[in-house]
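Structure first, commentary second.
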Amino acid sequence: PGYTLMEFDASGQEFRWMAIASADPIMLHLCMPGEDPHSYMGAQIMNADYQELMRLVHQEDKPAKDKRQLGKVANLSLQYRTSAKKLRSVARVQYNLPMELPEAERIHKTYQSVYSKVPIYWANQIQQTKQLGYVETFAGRRVQVVGNWSGDYGWSMGSTSINYRIQGTG
């Protein structure tokens, strides 16, 4: 009593933080007013015209909205170095989008091709975390990441290196 519980969601913040962290020019451009990163990725995946897709999405066209949704799943899932297999699972479970593994593999390759600086960020972020023993958000909050990088938890440690800087800032 006497309190109100509230939740806020800054639209696209993790995409924007990844754009800044990776310095990917396409991602950075898509953070500009009037741009739609999910429609852009959907257009890339479906080999469609981005401007036309955005126009159709604004007109509530169902097939266009489905293409945008596919771009959203790719943007939100793949920026954290997930595999095609994991993308398939996320698409099916969290978004009710049936997806076979060959399609997930094609989308995975498309993402890394379109945002070519993101995989470079992943490698650099992991290397920096290995050297420092911690990862830091843009605001300066740190989490320690130490252990056997070539052992059973190496992939998880790398994922923490990549994710914490972005998600922890958000």
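The values are calculated or read from the model by the stated rules, or taken from the named source; none is laboratory data. Since the structure is predicted, the reported quantities are computational estimates derived from the model, not experimental observations. Cβ atoms come from the backbone with ideal geometry, glycine included; neighbour counts cover every protein chain shown. All accessible areas refer to the heavy atoms of the entire protein, side chains included, with ligands and DNA or RNA removed. Shrake-Rupley method; radii C 1.70, N 1.55, O 1.52, S 1.80 Å.
Quick notes on this structure:
- Index of the failed condition, Ala139 passing every other in (1) assigned to a helix (DSSP H, G or I); (2) under 20 Å from Ile20 (Cα atoms); (3) over 17 Å from the mean Cα position of the chain (by Cα): (1)
- Among the residues of the stretch 90-109, those that are assigned to a helix (DSSP H, G or I) and either open to solvent by less than 20 Å² (accessible area, probe 1.4 Å) or within 11 Å of Ile45 (Cβ to Cβ) (or both) comprise Val90, Ala91, Glu103, Ala104, Arg106, Ile107, His108, Lys109.
- Scope the stretch 107-121; condition without any contact (Cβ under 8 Å) to a residue 60 or more places away in the chain and of a type in the set (D, E, K, R); matching residues: Lys109
- Every pair of residues 6+ apart whose Cβ atoms lie under 6 Å, when the first sits in the stretch 74-95 and is more than 21 Å from Trp17 (Cβ to Cβ) and of a type in the set (D, E, K, R) while the second is open to solvent by less than 60 Å² (accessible area, probe 1.4 Å) and part of a helix (DSSP H, G or I): Arg88/Ala104
- Whichever residue in the stretch 24-39 is part of a helix (DSSP H, G or I) and in contact (Cβ under 8 Å) with a residue 40 or more places away in the chain and, among such residues, is least open to solvent (accessible area, probe 1.4 Å): Met27
- Residue list for the stretch 48-88, filter: open to solvent by less than 50 Å² (accessible area, probe 1.4 Å) and of a type in the set (S, T, N, Q): Asn75, Ser77, Gln79, Thr82
- Any hit, the stretch 134-144, residues being in contact with a strand residue (DSSP E or B) (Cβ under 8 Å, 6 or more places away or on another chain) and surrounded by 17 or more Cβ atoms within 10 Å (Cβ to Cβ): yes
- Any hit, the stretch 110-120, residues being modelled with pLDDT of 95 or more, in a helix (DSSP H, G or I), hydrophobic (A, V, I, L, M, F, W, C) and touching a Lys or Arg at 6+ places or on another chain (Cβ under 9 Å): yes
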